[in-house]
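The values are calculated or read from the model by the stated rules, or taken from the named source; none is laboratory data. Just so it is clear, the model here is predicted, and its values are computed rather than measured. A quick note on method: Cβ atoms are made from the backbone with ideal geometry, for glycine too, and the neighbour counts reach across all protein chains shown.
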Amino acid sequence: MSIEQRYITVSGLKVEIVRKDIKNLHLGVYPPLGRVRVAVPLRVKDDAVRLAVIGKLGWIKRQRACFDTQQRQSRREMVSGESHYFLGRRYRLRVIYREGAPKVILGKRIELHLPPGATSEQRERLLQRWYCRQLRELVPPLLKKWQKKLNVSLVECRIKKMKTKWGTCTADARRIWLNLELAKKPVQCLEYIIVHELVHLIERHHNDQFLALMDEHLPQWRLRRAELNAAPLAHESWNC
């Protein structure tokens, strides 16, 4: 795919333009600092992008304000006493060094059991793998429920860490991706993202039809989106 990248300034705002072989213009605002990116068809000129951004300036400012006020965790050192989240609940971490296979135990705390001398990176990988396993148990029943309700068929659902999206859908391949960070959020937020991505199998764009489908099948989706966006963000080393 041919891709062209450039930057323009609109009302003092730096805007990244990415031209590629697509049919419609897509404008996004990304954390943590509110980076503005517009993906546009190859034929669209800068003036058209400028007008689109001007028309969305109010929305862009609101999105950036949300990022400024949203709680963000400090960098996790993976040591006892730290706060970590699972399904919307905060847990204290307890690191226990002992011989044997590494494992995670969830109780009043999240316990990491590792061999003596395990590094911070090893402790983090153990917890991330545990989060992934939890999601892999939570997701299938929700997929089964909503594929039936929406009358859609998914080929594959994958999980990975994503910096700018909670989920994404490749409609042609009938595949969706879910952000690993969803394991830290309430189940109803995970369900909202699953429904959102499955609806994209019916309607690819965030247009009136998409919103109508969301309203019909998950009337409280806006509340769930607000709950998700209000939850603490993980610390990330962002490249902006």
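Assorted remarks:
- Taken as a whole, the structure leaves Leu190 outside the set of residues that are in contact with a Gly (Cβ under 8 Å, 6 or more places away or on another chain) and either among the aromatic types (Phe, Trp, Tyr) or closer than 23 Å to Glu216 by Cα (or both).
- Scope segment 217-233; condition under 24 Å from Lys163 (Cα atoms), crowded, with 16+ Cβ neighbours inside 10 Å and at pLDDT 90 or above; matching residues: Trp221, Arg224
- Residue ID - modelled with the highest pLDDT, chosen from residues in segment 48-68 that are among the basic types (Lys, Arg) and over 19 Å from Val18 (Cα atoms): Lys61
- Filter result for Arg136 (closer than 30 Å to Asn24 by Cα and in contact (Cβ under 8 Å) with a residue 12 or more places away in the chain): no
- Picking from residues in segment 26-47 that are surrounded by 14 or more Cβ atoms within 10 Å (Cβ to Cβ) and in a loop (DSSP other than H, G, I, E, B), the one that is modelled with the highest pLDDT is Val44.
- Checking each residue in segment 89-116 for being exposed (fewer than 12 other Cβ atoms within 10 Å of the Cβ) and outside any strand (DSSP E or B) picks out Arg98, Glu99, Gly100, Ala101, Gly107, Lys108, Pro116.
- Of the listed requirements (1) buried (at least 19 other Cβ atoms within 10 Å of the Cβ); (2) over 23 Å from Arg62 (Cβ atoms); (3) of a type outside the set (Lys, Arg), Ser153 misses just one: (1).
- Residue within segment 163-180 that is in contact with a strand residue (DSSP E or B) (Cβ under 7 Å, 6 or more places away or on another chain), surrounded by 13 or more Cβ atoms within 10 Å (Cβ to Cβ) and in a helix (DSSP H, G or I) present: yes
- Taken together, Leu142, Leu138, Leu126 contain a single residue that is surrounded by 11 or more Cβ atoms within 10 Å (Cβ to Cβ) and under 21 Å from Gly81 (Cβ atoms), which is Leu126.
- Counted residues, segment 202-216 - those being part of a helix (DSSP H, G or I) and surrounded by 15 or more Cβ atoms within 10 Å (Cβ to Cβ): 3
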